[in-house]
1. If I ask for residues that are assigned to a loop (DSSP other than H, G, I, E, B) and farther than 16 Å from residue 201 by Cα, which ones from region 170-183 would you list?
2. Filter region 209-246 for residues that are surrounded by fewer than 19 Cβ atoms within 10 Å (Cβ to Cβ), free of Cβ contacts under 8 Å to residues at least 60 places away in the same chain and over 16 Å from the mean Cα position of the chain (by Cα) and give the result.
3. Could you say which residue among 133, 57 is touching an Asp or Glu at 6+ places or on another chain (Cβ under 9 Å), under 22 Å from residue 241 (Cα atoms) and touching a residue at least 24 places away in the same chain (Cβ under 8 Å)?
4. Could you identify the single residue in 115, 120, 69 that is among the aliphatic types (A, V, I, L, M), over 15 Å from the mean Cα position of the chain (by Cα) and closer than 25 Å to residue 142 by Cβ?
5. Scan region 65-122 for residues that are under 17 Å from residue 239 (Cα atoms) and without any contact (Cβ under 8 Å) to a residue 24 or more places away in the chain and jot them down.
6. How many of the residues in region 68-94 are out of contact with any strand residue (DSSP E or B) (no Cβ under 8 Å at 6 or more places or on another chain) and either surrounded by 14 or more Cβ atoms within 10 Å (Cβ to Cβ) or not in a loop (DSSP other than H, G, I, E, B) (or both)?
7. Got a sec? Which of 14, 74 is at pLDDT below 95 and of a type in the set (A, V, I, L, M)?
8. So is residue 115 aliphatic (A, V, I, L, M), at pLDDT 95 or above and within 22 Å of residue 29 (Cβ to Cβ) or not?
Amino acid sequence: MAFHTHVLLPVLWVLVIMISSGAKVSESARIFTIINNCKETIWPGVTPGASFNGGGFELKQGQSVVFKAPVGWVGRIWGRTGCNFDKNGKGSCQTGACGSSLKCTASGKPPASLAEFTLAALDYYDVSLVDGFNLPVVITPLHGSGNCSIAGCDGDLRTECPSELAVKANGKVVSCRSACDVFNTDEYCCRGVFGNPVTCQPTYYSKKFKAVCPTAYSYAYDDPTSIFTCSGTDYVVAFCSSRNQPVCTYHNNRLVCNESKGSKSSDERWWSLILASMLAVNYL
């Protein structure tokens with residue numbers, strides 16, 4: 001699936017104008033903290049992945065990694081599951097595979113939950129289930145300005161997936177396909193006479209997705225409640241995490257969290273110290 005070009009193309013055009021006129025796009029790169037809160041090891045994929053350890057890596061339960069992405073980066077992050085790679089980084093995955101390599105140079109094979117970003121003077125970001133669902137994923141912007149809402153899906157569609165969309169392995173639902181992928185009709189794929197926001201409307205299946213994931217794209221033109229903007233922000237991309245769960249990252253060698261104002265309890269302070277040390281160890 002391509003990025004939501006009806007949203008991203010105007011943004012890229014503004015960038016071209018700003019760069020050609022000599023205007024500053026932004027002051028600094030964005031810091032991405034990627035966290036695995038799942039009860040299993042996952043293998044995040046990133047494309048383009050030059051700033052993200054080549055586009056793929058292993059992340060065990062409870063681990064996190066930190067990267068810097070330059071302004072102008074337009075990319076996506078997703079989780080792969082059930083992978084088995086050899087010492088040369090060759091192998092396979094049950095879901096989200098980007099071929100047979102640990103390092104991704106192409107997008108993950110549907111169905112896969114996608115965290116999408118366009119980094120500019122005003123960043124655009126979203127979580128898309130247009131290509132289906134394989135893992136809950138939440139995007140939390142930190143210390144930015146503007147709307148800066150939390151995006152994504154913290155519900156697990158694998159437990160709610162209609163049987164005709166379900167992908168199973170060893171008798172267990174491991175992902176949920178999109179209706180477009182299964183039925184390949186213009187109505188479900190928002191193409192042909194349905195290729196615009198007026199005629200492409202929510203369907204039975206996209207409504208199922210939206211009920212579980214109200215701040216994620218459930219179909220191609222699900223813009224109003226699914227795409228968000230923020231300026232000068234860093235991002236936490238957390239798999240299998242609640243949208244209300246406190247998250248932290250490092251910015252200018254300082255721990256920055258999204259916890260509510262006021263004094264922290266001893267438990268909260270202890271959690272912050274643990275997370276700080278964890279991020280420091282995994283900083284790339």
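1. 170, 171, 177
2. 211, 224, 244, 246
3. 133
4. 120
5. 97 - this is the single residue of region 65-122 that is under 17 Å from residue 239 (Cα atoms) and without any contact (Cβ under 8 Å) to a residue 24 or more places away in the chain.
6. Number satisfying all stated conditions: 1.
7. 14
8. When the stated conditions are applied, residue 115 passes them.
The values are calculated or read from the model by the stated rules, or taken from the named source; none is laboratory data. Treat the numbers as computed from the prediction; the structure is a model and nothing was measured. Glycine gets a Cβ as well: all are built from the backbone with ideal geometry, and neighbour counts include every protein chain shown.
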